[in-house]
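Novice: Structure incoming, see below.
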Amino acid sequence: MQCSPTLFSGSFVRRYKRFFADIIDEKGNLLTVHCPNTGSMKNCQVEGSECWYSLSDDPKRKLKGTLEIVTTSHGQLAGINTLNANRLVGNALTCKIIPEFASYNTVSTEVRYGSEKSRIDFLLHDSENHLPDCYVEVKSVTLDMGDGLAMFPDSVTARGTKHLRELMTVAESGKRAVLLFCVQLNRATQVEVAADIDPVYAETLTKAISNGVEVIAWKIKIDHEGIVLDQKIDCLTDLSLLG
């Protein structure tokens, strides 16, 4: 389940125009690299902190570097490449690492579904037809609040709310609908919904759960060699329990 392009260390300078980041490499050169994250990256933009990036040999790319790992304001390593969340979960599904999905033997990706023209990250099928099809939506979590607490989302996400509505429809049809938080923080022990950041998403998530949508969370382990899906962690989604 390793997601490990060769990584190079640097010092984070800034992120701007959403998809650009400036870093200083080990030789002191200022580099502009691609930032593969559409969120706010709240608590993940610490000037002067250590970061890691990968390099591409694709001649068509204007920016050869991709920002992969940063240090949060709480000193935790965060994998900010949102594409890695699906790669790691996809590998875990194929290898049957996640117990909740181990009985499924067919994994399809980016399947069109729903009335709002969505694509599900993973559609799981049991070829023996003992289990209902399972729709799995993956969300990458990088908002580090300290003391092991991670939160989602880090900014208002109309797209995430749409996905919850689609999952509710799936669950109501008798199929399995699962929201999987892939927490890309090294020391996370629990993930919560950030109701103060996006109350609409939080309210929709509560409704989705009451309508049969399952929610689970797995954290990743990050070191300078790469990223690996590590273990299941607690997921607090009951808004009445949040402080």
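Novice: I'd like to know if the stretch 83-96 contains one or more residues that are more than 19 Å from the chain's Cα centre (by Cα), without any contact (Cβ under 8 Å) to a residue 60 or more places away in the chain and within 24 Å of Arg187 (Cβ to Cβ).
Specialist: Within the stretch 83-96, not a single residue is more than 19 Å from the chain's Cα centre (by Cα), without any contact (Cβ under 8 Å) to a residue 60 or more places away in the chain and within 24 Å of Arg187 (Cβ to Cβ).
Novice: In the stretch 5-59, how many are touching a residue at least 40 places away in the same chain (Cβ under 8 Å), surrounded by fewer than 15 Cβ atoms within 10 Å (Cβ to Cβ) and within 18 Å of the chain's Cα centre (by Cα)?
Specialist: Looking only at that region, the number is 1.
Novice: Look at Glu137 and say whether it is within 20 Å of Phe101 (Cα to Cα), touching a strand residue (DSSP E or B) at 6+ places or on another chain (Cβ under 8 Å) and crowded, with 19+ Cβ neighbours inside 10 Å.
Specialist: yes
Novice: Could you pull out the residue among Asp144, Asp154 that is among the charged types (D, E, K, R) and out of contact with any Lys or Arg (no Cβ under 7 Å at 6 or more places or on another chain)?
Specialist: Exactly one residue qualifies, and that residue is Asp144.
Novice: Which ones in the stretch 132-145 are within 23 Å of Tyr104 (Cα to Cα) and either without any contact (Cβ under 8 Å) to a residue 40 or more places away in the chain or acidic (Asp, Glu) (or both)?
Specialist: Listed by number, the residues that qualify are Asp133, Glu137.
Novice: Among the candidates Gly114, Gly90, Gly146, single out the residue that is closer than 20 Å to Ile216 by Cα and either assigned by TED's automatic domain parsing to the domain that holds Glu172 or touching a strand residue (DSSP E or B) at 6+ places or on another chain (Cβ under 9 Å) (or both).
Specialist: Gly90
Yes/no matrix, rows are residues, columns are (1) surrounded by fewer than 24 Cβ atoms within 10 Å (Cβ to Cβ); (2) more than 14 Å from the chain's Cα centre (by Cα); (3) at positive phi:
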residue	(1), (2), (3)
Leu149	yes, yes, no
Arg165	yes, yes, no
Gly174	yes, yes, yes
Val215	yes, no, no
Val228	yes, no, no
Asp234	yes, yes, no
Thr237	yes, yes, no
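Novice: What residue, of Leu123, Leu63, Leu55, is touching a His at 6+ places or on another chain (Cβ under 9 Å) and of a type in the set (A, V, I, L, M)?
Specialist: Every option except Leu63 fails the conditions.
Novice: Out of curiosity, is Ser108 touching a strand residue (DSSP E or B) at 6+ places or on another chain (Cβ under 9 Å) and part of a loop (DSSP other than H, G, I, E, B)?
Specialist: Criteria not met by Ser108.
Novice: Which one of these is of a type in the set (A, V, I, L, M), in a strand (DSSP E or B) and more than 21 Å from Glu100 (Cβ to Cβ): Ile233, Ile222?
Specialist: Within the list Ile233, Ile222, the selection yields Ile222.
Let's see how each residue does on (1) closer than 26 Å to Cys95 by Cα; (2) charged (D, E, K, R); (3) touching a Ser or Thr at 6+ places or on another chain (Cβ under 7 Å):
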{"residue": "Leu164", "(1), (2), (3)": "no, no, yes"}
{"residue": "Leu180", "(1), (2), (3)": "yes, no, no"}
{"residue": "Leu185", "(1), (2), (3)": "yes, no, yes"}
{"residue": "Val200", "(1), (2), (3)": "no, no, yes"}
{"residue": "Lys221", "(1), (2), (3)": "yes, yes, no"}
{"residue": "Val228", "(1), (2), (3)": "yes, no, no"}
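Novice: Yes or no: the stretch 198-207 includes at least one residue that is modelled with pLDDT of 95 or more, assigned to a strand (DSSP E or B) and surrounded by 17 or more Cβ atoms within 10 Å (Cβ to Cβ).
Specialist: Looking for residues that are modelled with pLDDT of 95 or more, assigned to a strand (DSSP E or B) and surrounded by 17 or more Cβ atoms within 10 Å (Cβ to Cβ), one finds none in the stretch 198-207, hence no.
Novice: What number of residues within the stretch 163-211 satisfy the criterion of being acidic (Asp, Glu) and under 16 Å from Pro153 (Cβ atoms)?
Specialist: Selection size over the stretch 163-211: 4.
The values are calculated or read from the model by the stated rules, or taken from the named source; none is laboratory data. This structure is a prediction, so every number in the text was calculated from the model and none was measured. Note that each Cβ is placed from the backbone with ideal geometry, even for glycine, and that neighbours are counted across all protein chains shown.
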